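Engineer: The following block contains the structure, expressed as structure tokens.
The values are calculated or read from the model by the stated rules, or taken from the named source; none is laboratory data. Remember, predicted model here, so these are calculated numbers, not experimental data. Positions of Cβ are generated from backbone atoms using ideal geometry, with glycine treated the same way; all protein chains shown enter the neighbour counts.
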Amino acid sequence: MDAIRRLIKAMPKAELHLHIEGTLEPEMMMQLAVRNGIKLPYADVEAIRRAFAFGSLQDFLDVYYAGMSVLVTSRDFFDLAFAYLTRMHAENVRHVEIFFDPQGHTSRGISFDTVLSGLVDALERAKRDYGITSKLIMCFLRHLPEDDAFVTLKQACRCKEHIFAVGLDSSEKAHPPSKFSRVFREARENGFVTVAHAGEEGPPSYVCEALDDLEVKRVDHGNRALEDASLVQRLVRDEIPMTVCPLSNQRLQVCPDLTQHPLRRMLKAGMRVTVNSDDPSYFGGYLTDNFLAIQSALSLDRSEIVTLGRNAFLSSFMDDADKQAALDAFNAFVAGFGDS
Ligand code: ADE
Ligand code: ZN
């Protein structure tokens, strides 16, 4: 194996854009369907895999929300999250910031507390067993009305000790960030940090709205920001992290040919780019696979990989002392990693 692939596998990593419901592997989907007596529209695991062919974000979301129906008990959420964290431990991932979509569950009659308690238990266990640190980010589904988001925010306000930030995901087109300006203002007033998906399929103006109206500290995806030179300047000047997801962009036809992926242009422009997996079960690869795929497609060199790896720790929501310790460990690892 060449040195750069060894470096990618061995280096300490952080993941900042990961939907926990997007880690539901077909095998677990089947097992949970049996455990909970849920009827799935698929005969077997192979049929589920065949359904993972998407022409757009909406195509994917339809399958993703249907898949969630097997998640019913706290134990299901624990099993889902702990399986992901166990994989991350094997990939030398040290810190994760995980999205969850409560409205995808409360709309089916699953309580907010059922979802959260399973996830929190898994994160605590991963800290104990693997030393993986984490933050939870609760997303609002942007295709639903503002009122629903306010109800969900109220539930989050009862559990502030477990939820660090709020985000915005689901169908981007026709659902601009400004639709949620008031919800995000109330979230900030309640002490939540904010992030948002923007510029995945939507225009650069959605990235501007995320910054101006939602006061986000990171932009999730943001690929299309490159279409607006003044926006790029602003993102560089303000060191706004961009959580880019190469295999997701490929599978959702945002960028079908990874050799044309904007990541290198974003890096060259001076943007604070990170690599992430988004929904790894659905898009064919976890964090390491995303690094390997984009390295190979763009022939990224060692210094570019190191920048991407370091950016993830720099862009995380760890407190200052933890962040410095993680960066020191990352830098020491890179300094000690020979090319032979
Ligand atoms: N929910 C899960 N994955 C998503 C993505 N890539 N974009 C928007 N919403 C999502
Ligand atoms: Zn996402």
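Engineer: Could you list, in sequence order, all residues of the range 161-179 that are more than 16 Å from ligand 2 (Cβ to nearest atom) and either in a helix (DSSP H, G or I) or under 20 Å from the mean Cα position of the chain (by Cα) (or both)?
Structural biologist: Listed by number, the residues that qualify are 162, 163, 164, 176, 178, 179.
Engineer: List pairs: first in the range 26-45 and free of Cβ contacts under 8 Å to residues at least 40 places away in the same chain and under 14 Å from residue 281 (Cα atoms), second assigned to a helix (DSSP H, G or I) and not β-branched (Val, Ile, Thr), Cβ under 6 Å, 6+ apart or cross-chain?
Structural biologist: If the second residue must be assigned to a helix (DSSP H, G or I) and not β-branched (Val, Ile, Thr), the pairs left are 45/26; 45/27; 45/30.
Engineer: Between a first residue in the range 149-171 that is at positive phi and a second residue that is at pLDDT 95 or above, which pairs have beta carbons less than 6 Å apart while being 6 or more apart in sequence or on different chains?
Structural biologist: 170/141; 170/142; 170/143
Engineer: Which numbered condition trips up residue 242, out of (1) closer than 13 Å to residue 262 by Cα; (2) surrounded by fewer than 24 Cβ atoms within 10 Å (Cβ to Cβ); (3) of a type in the set (A, V, I, L, M, F, W, C); (4) in contact with a strand residue (DSSP E or B) (Cβ under 9 Å, 6 or more places away or on another chain)?
Structural biologist: Result: residue 242 passes all but (2).
Engineer: Go through the residues of the range 233-242 one by one and say whether even a single one is among the basic types (Lys, Arg) and in contact with a Cys (Cβ under 9 Å, 6 or more places away or on another chain).
Structural biologist: Let us first name the residues in the range 233-242 that are among the basic types (Lys, Arg), namely 234, 237.
Imposing the further condition that a residue be in contact with a Cys (Cβ under 9 Å, 6 or more places away or on another chain) reduces the set to 234.
Looking through the range 233-242, at least one residue is among the basic types (Lys, Arg) and in contact with a Cys (Cβ under 9 Å, 6 or more places away or on another chain).
Engineer: May I pose another question? When you go through 44, 121, 62 one by one, which is the residue that is within 16 Å of ligand 2 (Cβ to nearest atom) and surrounded by fewer than 17 Cβ atoms within 10 Å (Cβ to Cβ)? Outline the logic, then answer.
Structural biologist: Values: 44 fails: within 16 Å of ligand 2 (Cβ to nearest atom); 121 fails: within 16 Å of ligand 2 (Cβ to nearest atom).
None of the others qualify; the one that does is 62.
Engineer: Additional query: Scan the range 283-291 and give yes if some residue there is within 16 Å of ligand 1 (Cβ to nearest atom), modelled with pLDDT of 95 or more and β-branched (Val, Ile, Thr), otherwise no.
Structural biologist: no
Engineer: Name every residue in the range 165-185 that is crowded, with 17+ Cβ neighbours inside 10 Å and more than 16 Å from ligand 1 (Cβ to nearest atom), in order of residue number.
Structural biologist: Once the filter is applied, which keeps residues that are crowded, with 17+ Cβ neighbours inside 10 Å and more than 16 Å from ligand 1 (Cβ to nearest atom), the range 165-185 yields 183, 184.
Engineer: Within the range 5-24, track down each residue that is within 16 Å of ligand 1 (Cβ to nearest atom) and part of a helix (DSSP H, G or I).
Structural biologist: Selection gives 20, 21, 22, 23.
Engineer: Check residue 256 against each of (1) free of Cβ contacts under 8 Å to residues at least 24 places away in the same chain; (2) in a helix (DSSP H, G or I) and name the one condition it does not meet.
Structural biologist: Tallying (1) free of Cβ contacts under 8 Å to residues at least 24 places away in the same chain; (2) in a helix (DSSP H, G or I), residue 256 fails exactly one: (2).
Engineer: Within the range 90-118, which residues are more than 16 Å from ligand 2 (Cβ to nearest atom), within 19 Å of the chain's Cα centre (by Cα) and hydrophobic (A, V, I, L, M, F, W, C)?
Structural biologist: Across the range 90-118, the qualifying residues are 90, 93, 115, 116.
Engineer: Let me ask another. Considering only the range 259-273, state which residues are charged (D, E, K, R) and within 14 Å of residue 312 (Cβ to Cβ). Break it down into steps so the answer makes sense when it comes.
Structural biologist: Looking only at the range 259-273, we keep the residues that are charged (D, E, K, R), and these are 264-265, 268, 272.
Answer for the range 259-273, where residues must be charged (D, E, K, R) and within 14 Å of residue 312 (Cβ to Cβ): just 272.
Engineer: Continuing with the same structure: Select from the range 225-249 the residues that are out of contact with any Lys or Arg (no Cβ under 8 Å at 6 or more places or on another chain) and within 13 Å of ligand 1 (Cβ to nearest atom) and write down the one among them that is nearest to residue 273 (Cα to Cα).
Structural biologist: Once the filter is applied, the top-ranked residue is 244.
Engineer: Looking at this structure, is residue 183 of a type in the set (A, V, I, L, M, F, W, C) and within 16 Å of ligand 2 (Cβ to nearest atom)? Reasoning before the result, please.
Structural biologist: Details: of a type in the set (A, V, I, L, M, F, W, C): yes; within 16 Å of ligand 2 (Cβ to nearest atom): no.
No: the conditions fail for residue 183.
Engineer: Residue 156 fails exactly one of the following numbered conditions: (1) within 14 Å of ligand 1 (Cβ to nearest atom); (2) of a type in the set (A, V, I, L, M); (3) closer than 28 Å to residue 312 by Cα. What is the number of that condition?
Structural biologist: Here residue 156 meets the rest and fails (1).
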